[in-house]
Amino acid sequence: MQDHPALRPWLPALRSAGLDVNVYADMAPVQWGKLLLNLNNAVNALSGLPLRAQLLDRHLRACTAALIDEALAVLTRAGIRPQSPAGPPPSLVVRVMRLPTPLFRLLAARLLRIDAQARSSMADDLALGRPTEVDAIQGEVLRLAAQLGMAAPLNTRMVALVQGWAQHPMHLSGPALRQALGV
């Protein structure tokens, strides 16, 4: 939550009720940290796999890591230091995602304790023919990159792939998505 004088008296009551409340002086870095994690939503949607299975595919993790790396370069140029809302910093997440699957399983055990059938909301939207949030997620990276005179080709390609789904509805395997992104 954004720190505010009106919030402070309520914090003890919220915490005593068992709510894990984090207070931030500036929410923008936290919002960017959350957006970085949400870059995986498009990968999940195009894979057609549940999140857990997708995260266990090293090729698909490499795609997500590349998207996050590209976004981190844009954020660095903008002078933004993203904060993870929960868990390790985004730069560490990228390194863990690139590990061989047995090591990833070990280090990301808590993350992998998700429902075996859970999927991203973007995957559901794509499957049901609804508009996706790719423009709000990858598109935000693209808008910031454009403001800075930078290119973000991987996130640009991901937007095109998700938007092209309606004309060519086909799930992509890990190797196929890596090839489509050039990573």
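The numbers here are math on the coordinates, done by the rules we state, and not lab data. A quick note: this is a predicted structure, and the numbers were derived from the prediction, not measured. Don't worry about glycine lacking a Cβ; one is built from the backbone with ideal geometry, like all the others, and counts go over all protein chains shown.
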inquiry  = Which condition from (1) buried (at least 17 other Cβ atoms within 10 Å of the Cβ); (2) among the charged types (D, E, K, R); (3) touching a helix residue (DSSP H, G or I) at 6+ places or on another chain (Cβ under 7 Å) is the one that residue 81 breaks?
reply    = (1)
key: Identity of the residue in the stretch 110-122, within 25 Å of residue 74 (Cβ to Cβ) and among the aliphatic types (A, V, I, L, M), that ends up surrounded by the most Cβ atoms within 10 Å (Cβ to Cβ)   = 122
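When residues of the stretch 129-144 are filtered for being crowded, with 17+ Cβ neighbours inside 10 Å and more than 18 Å from residue 65 (Cα to Cα), how many remain? Full working, then the answer.
Within the stretch 129-144, the first condition is being crowded, with 17+ Cβ neighbours inside 10 Å, and the residues that meet it are 132-134, 137-138, 140-142, 144.
From the residues that got through so far, the ones that are more than 18 Å from residue 65 (Cα to Cα) too are 132-133, 144.
Number of matching residues: 3.
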note = Within the stretch 148-158, residues buried (at least 20 other Cβ atoms within 10 Å of the Cβ) and either more than 18 Å from residue 123 (Cα to Cα) or of a type in the set (A, V, I, L, M) (or both) come out as 152, 154, 158
